[in-house]
Each structure stands twice: as structure tokens, then as C-alpha cells.
Amino acid sequence: KIDSLAQRRRSEGFDEIHFTWGVVNCLLVTFVFGALPQHFWLLYLLESFYLFPTRFKNLIRAKPMNQALYYLDFCWIMNFVGVVLLLLLVSDALIMDFSTPDIFRQYIFTGIFGIACGPLLGATAVLPFVIFLFHDVNSMTSLFIHIYPPMLMYTFKWHSSDINEAW
């Protein structure tokens, strides 16, 4: 019975390789946030492009029923909106043909800052996260959608000159 449980856990990704990648990811996030905050937005985009589809695949395959409707949760919707707006602002900065008015940027930043540092950050104190399951993509994605947006907004607010200088 123990061997079958261990085999099932390994097939779900509970092994040394996934654990190591999870720990390396936490160290990478800490390093980029502390030493290279001007590049943190890029790390946020890269991780969201990996974690969101992986989590969706896991939600679709969930037993006893499909759990894909979790993506309609407030936290998920706000992360999707944040990724789309970040991509729009990046494409706006790269293309230079479509100029977003500064007042629009200010309203968007204020709204996203309030949501990221309000309900998303507050959920980390209220919801029962299992933070140290580095090898579980589901728990790391749940942590990602609640912790990364406030960290991203922190870098945008306090390191905006570094971001503008680097990019």
C-alpha cells in the first residue's frame, strides 16, 4: 500500500526534481526581486506563461469533476487582467505607434495597485496556503497569483526609474 501511494505521488510530480526546481524558483524570485527589481515584471510574465496553462491542465483533469471554473475566481480574473494589461503596456512601449494616455496609465496603475495590495495580498493572510510544497504546481500557482502581483506593484512603484532606465 505504501509503495502504491509513493508511486502515485511520484506520478503527480512529488519527486526530487520538481522539489529542486521549486526551491530554485523561490531563490530566483528572491534574487530578482532584491537585486534586479527592474526585471521582475519579466519574471512575472514568464512564470505566468508557464504556471497558468499547467494549472489549467491540472484543473481540467481533476477528479471527480472538472475544476476549470476556478479560473472565474476574483484572484484569477485579476491576474489575467494584469497579465493582459502588462502585455499591452509592453507592446505599447515597443511599438510606439499606439500611445496610451498618461491619465489612463495612472488610473490603471492605481486600480491594479489597490487590488494587488488589497484583496490579493490580504488573501495570503486569510486563506490556508501550503506554501512549502515546492514540488506541487497547484500550490505554487495559488501562491503565485496572490504574492506576485503585490511584489510586482512594489517594483513598479518604488523602482520605476530603474525599470525605465533598463527598458
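The values are calculated or read from the model by the stated rules, or taken from the named source; none is laboratory data. The model shown is predicted, which means the values in this text are computed figures rather than measured ones. Every residue, glycine as well, gets a Cβ built from its backbone with ideal geometry; the counts of neighbours run over all protein chains shown. Note: accessible area is taken over every heavy atom of the protein model, side chains too, but ligands, DNA and RNA are not part of it. Shrake-Rupley method; radii C 1.70, N 1.55, O 1.52, S 1.80 Å.
Residues whose amide H comes within less than 5 Å of that of ASP15, counting only those at least five positions distant or on another chain, are absent (H built at 1.01 Å from N in the peptide plane).
Rolling a 1.4 Å probe over the protein heavy atoms leaves PHE19 with an accessible area of roughly 90 Å². A crude spin-label estimate for the pair ALA125 and ASP92, with each label 7 Å from Cα along the Cβ direction, gives 3.2 nm. Of TYR148, TYR50, the residue with the largest accessible area leads and the full order is TYR50, TYR148 (1.4 Å probe). What is the distance in Å between the Cα centroid of region 48-100 and that of region 114-167? Centre-to-centre distance over Cα atoms comes out at 14 Å. Computed over protein heavy atoms with a 1.4 Å probe, the accessible surface of the chain works out to 65 Å² per residue.
The helix-based estimate of mean residue ellipticity at 222 nm for the chain, built from -39,500 (n - 2.57) per DSSP H run of four or more residues and divided by its residue count, is -24000 deg cm²/dmol to the nearest 500.
Of the solvent-accessible surface of the chain, computed with a 1.4 Å probe over protein heavy atoms with every protein chain present, carbon and sulfur atoms account for 69 percent.
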